[in-house]
Each structure stands twice: as C-alpha cells, then as structure tokens.
Amino acid sequence: ATAAPQGRQIRISVSIDPALKDKATPGTVVFVAAREPGIPGPPLAATRLTTEQLPTTIVLSDADAMIEGRNLSSVGDVEVVARVAFGGSPMAASGDLIGTSLQKKGGPTDLAVTISKVQP
C-alpha cells in the first residue's frame, strides 16, 4: 500500500520504449526510485510495480521515504530511475532495462521516465 502523498511530490509517468517492450516479460518487477544525483546508497523514495502495469503514472512523495529524515524535501535535485529488474532485486544487474530523468528542485513536478536502455 502506498502512503498518502505528503510534502514534496513528483508525479512520474513511467513507460517502456517500444523497441524494448518484447524484452520485458509479464510479471517482471519494475522498481521506480528517486535518489539524490551522484549519491550512492538507498533511494530517497521508491515503489515497486510489475511490467504489465506499464505504462502508468505514479506519485512519489515524502511519505514514501526509505529512511526517516531523508526524504525528497531534504535534497535539491532528484534523479528518478525506473528499472525492469529481471532478477527481482533492488540492486541493478547487467541486462536490466533502465530509464532515468532529472527533476530540478522548484521545477515542474510532472516527470516522464521512459525505460529505453539496457544496463551494461
């Protein structure tokens, strides 16, 4: 269950490039995570979907924080990563399908992420 949006919110339209659609088998886990650009470690906020839910629009907010006190409002720019995780793991693996987009603090809260690359 997703928490009710609160604080900073990012409305994310997630889709998969038609050229990669055949690689994304039904039922495969898709992680959508917001992180501070260039900062390793757990994401600021994340949610889990499956490939048959794409395309879709989700909202990540401070209510989706992974670590208390470290949320979307606590940083400037936010990088949103959508990843088809063939192994089902939150950690990226070679062969996963990935898409990224950057949301500037104070910029538009609507963001589009197209999964369009294969993780090397």
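The values are calculated or read from the model by the stated rules, or taken from the named source; none is laboratory data. Quantities reported herein were computed from a predicted structural model and do not represent experimental measurements. Glycine gets a Cβ as well: all are built from the backbone with ideal geometry, and neighbour counts include every protein chain shown. We work out accessible area using only protein heavy atoms, side chains counted, and drop any ligands, DNA or RNA first. Shrake-Rupley method; radii C 1.70, N 1.55, O 1.52, S 1.80 Å.
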Set of aspartates and glutamates with alpha-carbon distance to K21 below 13 Å, sequence-local pairs under 8 removed:
E52, D96
At q = 0.14, 0.18 Å⁻¹, what log₁₀ I(q)/I(0) does a Debye calculation on the Cα points of region 1-57 give, no solvent, two decimals?
-0.48, -0.76
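With the other protein chains left in place, how much accessible area per residue, in square angstrom, belongs to the chain at a 1.4 angstrom probe? Numbers along the way, then the final one.
Details: 6360 Å² over 120 residues.
Dividing the accessible area of the chain by its residue count gives 53 Å².
How big is the Rg/Rh ratio for the chain, C-alpha atoms only, Rh by Kirkwood, two decimals? Don't jump to the answer; show the numbers that get you there.
On the way: Rg = 13.5 Å, Rh = 14.3 Å.
My calculation of the ratio gives 0.94.
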Output wanted: per-residue J couplings in Hz (rounded whole) for region 48-61, from phi through Karplus 6.51 cos²θ - 1.76 cosθ + 1.60, θ = phi - 60°, x for Gly and Pro.
10, 10, 10, 4, 6, 7, 8, x, 7, 10, 10, 10, 9, 9
For the chain, the accessible surface attributable to carbon and sulfur atoms (probe 1.4 angstrom, ligands and nucleic acids excluded) amounts in percent to 54 percent
Estimated inter-spin distance, T25 and K105, nm [label 7 Å along Cα→Cβ]
4.3 nm
Under-5 Å amide H pairs with L44, H placed in peptide plane, nonlocal only:
A34, R35, E36
